[in-house]
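Engineer: Dropping a structure here in structure tokens format, bear with me for questions.
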Amino acid sequence: MSGNSIALLMPGQGSQFVGMGRELAESHARAADVFERANDVLGSDLRRICWEGPEEELTRTENAQPAILLHSYAVWVCLPEEVRQRVMVGAGHSLGEFSAYLAAGALGFEDAIRLVRRRGELMGRAGTVRPGTMAAVIGLDPETVRAVCESVQEGTVVPANYNAPGQIVISGDIAAVDVARERALEAGAKRAVQLNVSGAFHSPLMAEAREGLALSLEAVEVRQGRFPVVANAAAVPVTDPARARELLIEQLTSPVRWVECVESMSDTSPDTWIEVGPGKVLTGLMRRIDRGKDVRAIGGPEELDAVQALVEEGDDA
């Protein structure tokens, strides 16, 4: 890995689990310090929620989002410097886009974790003001899913996440999503499964949250990052701070164009792809998008040790 260029992947909501980051912090002082700093910045015990739960508390949007960013950043700071210097491009899924900007140095840690806590609060509130839901549609192409959504008259429903070929998440009003699920199955979908979420994320129903997030972003410094971050809403690499702000706001009500983001990252011809943080969701999606990619998930001390061994092996070669 020492001589390779690297693409960085940062996971999004749904990757959280009780116990996340605990083994990492127990074995790496840098990670332990990041968890301590998070508690100080937020004025609450996010570390306890990550490590002890309960799951219901960790899963709440306002906790899950900063928890995932925290774990991702804790892994990032523990990576060998040689590995971090090899990152040529990054991207994150939904809230993971903030983690990617943090790793790139475009956001500071304190600003980033406060932003995603606020983002989670705003999205949770929007889900209360206008209740909505999401569903995963398996086995249909994007054009068919879009046509299904456009055919629904019972409310708003739109494609929200283009996660992988044959895996698209739809989002919107509860009645509209229910109808869209039925029509997707009629159109040949293998499955159309409702997701356990607190709102219709990445849909027009999140409009309530945009103004609050825009105000929060105005209050923080966004710098030019060391490497570009491919934005979910536009699937293009971004380094300009003003454009980064604009697309992070747009992302709330726009679909996560993940397949296109991966294709955009592929234009830099990375040798290795690493998913940094809890879980292996993006690693799994990558294998559905392109099985030929060298991709690995790094979330705990064992994976970090394996990366270190690869670096040392490269140095000896």
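Engineer: Would you confirm whether or not the range 216-224 contains a residue that is assigned to a helix (DSSP H, G or I) and either under 18 Å from the mean Cα position of the chain (by Cα) or surrounded by 15 or more Cβ atoms within 10 Å (Cβ to Cβ) (or both)?
Structural biologist: So the first thing to find is which residues in the range 216-224 are assigned to a helix (DSSP H, G or I), and the list is 216-218.
Among the residues that remain, those that are also either under 18 Å from the mean Cα position of the chain (by Cα) or surrounded by 15 or more Cβ atoms within 10 Å (Cβ to Cβ) (or both) are: 216-217.
Yes, the range 216-224 has at least one match.
Engineer: So which residues in the range 84-128 are farther than 22 Å from LEU58 by Cα and either free of Cβ contacts under 8 Å to residues at least 24 places away in the same chain or not in a loop (DSSP other than H, G, I, E, B) (or both), if there are any at all? So that I can check it myself, show each step before the final result.
Structural biologist: Taking the range 84-128 and keeping what is farther than 22 Å from LEU58 by Cα, we get 84-91, 101, 103-108.
Selection gives ARG84, GLN85, VAL87, MET88, VAL89, GLY90, ALA91, TYR101, ALA103, ALA104.
Engineer: Then there's this: Please indicate, with yes or no, whether at least one residue in the range 124-139 is among the charged types (D, E, K, R), modelled with pLDDT of 95 or more and either touching a His at 6+ places or on another chain (Cβ under 7 Å) or surrounded by 21 or more Cβ atoms within 10 Å (Cβ to Cβ) (or both).
Structural biologist: no
Engineer: Out of contact with any strand residue (DSSP E or B) (no Cβ under 7 Å at 6 or more places or on another chain), outside the structural domain of TYR101 (by TED's automatic domain parsing), under 27 Å from ARG130 (Cβ atoms) and at pLDDT 95 or above, is that true of ALA175? Give the derivation first.
Structural biologist: On the way: out of contact with any strand residue (DSSP E or B) (no Cβ under 7 Å at 6 or more places or on another chain): yes; outside the structural domain of TYR101 (by TED's automatic domain parsing): yes; under 27 Å from ARG130 (Cβ atoms): yes; at pLDDT 95 or above: yes.
Criteria met by ALA175.
Engineer: Then there's this: Kindly provide the set of residues from the range 145-157 that are in contact (Cβ under 8 Å) with a residue 24 or more places away in the chain and touching a strand residue (DSSP E or B) at 6+ places or on another chain (Cβ under 9 Å), ordered by number.
Structural biologist: VAL145, VAL148, CYS149, VAL152, GLU154, THR156, VAL157
Engineer: May I pose another question? Out of all the residues in the range 226-279, which are aliphatic (A, V, I, L, M) and not in a helix (DSSP H, G or I)? So that I can check it myself, show each step before the final result.
Structural biologist: So in the range 226-279, the residues aliphatic (A, V, I, L, M) come out as 229-231, 233-236, 238, 242, 244, 247-249, 252, 256, 259, 262, 265, 274, 276.
Within the range 226-279, VAL229, VAL230, ALA231, ALA233, ALA234, ALA235, VAL236, VAL238, VAL256, ILE274, VAL276 qualify.
Engineer: Looking for whichever is closer than 20 Å to GLN85 by Cα, of a type in the set (S, T, N, Q) and either in contact (Cβ under 8 Å) with a residue 24 or more places away in the chain or crowded, with 20+ Cβ neighbours inside 10 Å (or both) here; the options are THR253, THR268. Which one fits? Write out each step before concluding.
Structural biologist: Details: THR253 fails: closer than 20 Å to GLN85 by Cα.
Criteria check complete, one pass: THR268.
Engineer: Residues that are farther than 20 Å from ARG86 by Cβ, among the β-branched types (Val, Ile, Thr), at pLDDT 95 or above and touching a Ser or Thr at 6+ places or on another chain (Cβ under 6 Å): does the range 288-309 have at least one?
Structural biologist: no
The values are calculated or read from the model by the stated rules, or taken from the named source; none is laboratory data. Predicted model only: the values in this text are computed from it and were never measured. Every residue, glycine as well, gets a Cβ built from its backbone with ideal geometry; the counts of neighbours run over all protein chains shown.
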